[in-house]
Amino acid sequence: MEEEKPVEKEKIGEVTHYFTNIGVGVIDLTGEIKQGDKISIEGATTDLQQMVESMQIEHEDVEKAGPGDSVGLKVEDRVREGDVVYKIK
């Protein structure tokens, strides 16, 4: 039986808002994120892993974003303010 390697992850931001009607979380970034990255969003009642498929800054589609950017990200499940966003390596 293969031993499972611990998941390596890097904190890249925090959820600041969630739009229930469109399933979009707003994330203030402290690290870099790009389409195709696998992320984990974790909080008291949140545990979500997904691929970054589409994101926007100020309603403009972008392929990548970095520290200081605030991005809107389509999420597969509800996220909450204060949830921490990690990039899975």
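The values are calculated or read from the model by the stated rules, or taken from the named source; none is laboratory data. Since the structure is predicted, the reported quantities are computational estimates derived from the model, not experimental observations. Counting neighbours? That spans all protein chains shown, and the Cβs are built from the backbone with ideal geometry, glycine included. Surface areas here come from the heavy atoms of the whole protein model, side chains and all, with no ligands, DNA or RNA. Shrake-Rupley method; radii C 1.70, N 1.55, O 1.52, S 1.80 Å.
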Considering only residues that are hydroxyl-bearing (Ser, Thr, Tyr) and open to solvent by 80 Å² or more (accessible area, probe 1.4 Å), which ones fall in region 18-58? Thr20, Thr30, Thr45
For Pro6, which of the numbered conditions (1) open to solvent by less than 100 Å² (accessible area, probe 1.4 Å); (2) more than 16 Å from Arg80 (Cα to Cα); (3) over 9 Å from the mean Cα position of the chain (by Cα) fails to hold? (1)
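Residue by residue, here is whether (1) within 11 Å of Lys87 (Cα to Cα); (2) of a type outside the set (A, V, I, L, M, F, W, C); (3) within 12 Å of the chain's Cα centre (by Cα) holds:
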residue	(1), (2), (3)
Thr16	no, yes, yes
Thr20	no, yes, no
Gly25	no, yes, yes
Ile33	yes, no, yes
Ile41	yes, no, yes
Asp47	no, yes, yes
Glu60	no, yes, no
Ala65	no, no, yes
Gly72	no, yes, yes
Give the residue, chosen from Val71, Val85, that is in contact with a Gly (Cβ under 6 Å, 6 or more places away or on another chain) and either modelled with pLDDT of 95 or more or exposed (fewer than 11 other Cβ atoms within 10 Å of the Cβ) (or both). Val85
Does Asp77 qualify as being open to solvent by 100 Å² or more (accessible area, probe 1.4 Å), more than 15 Å from Lys87 (Cβ to Cβ) and either at pLDDT 95 or above or touching a Lys or Arg at 6+ places or on another chain (Cβ under 7 Å) (or both)? no
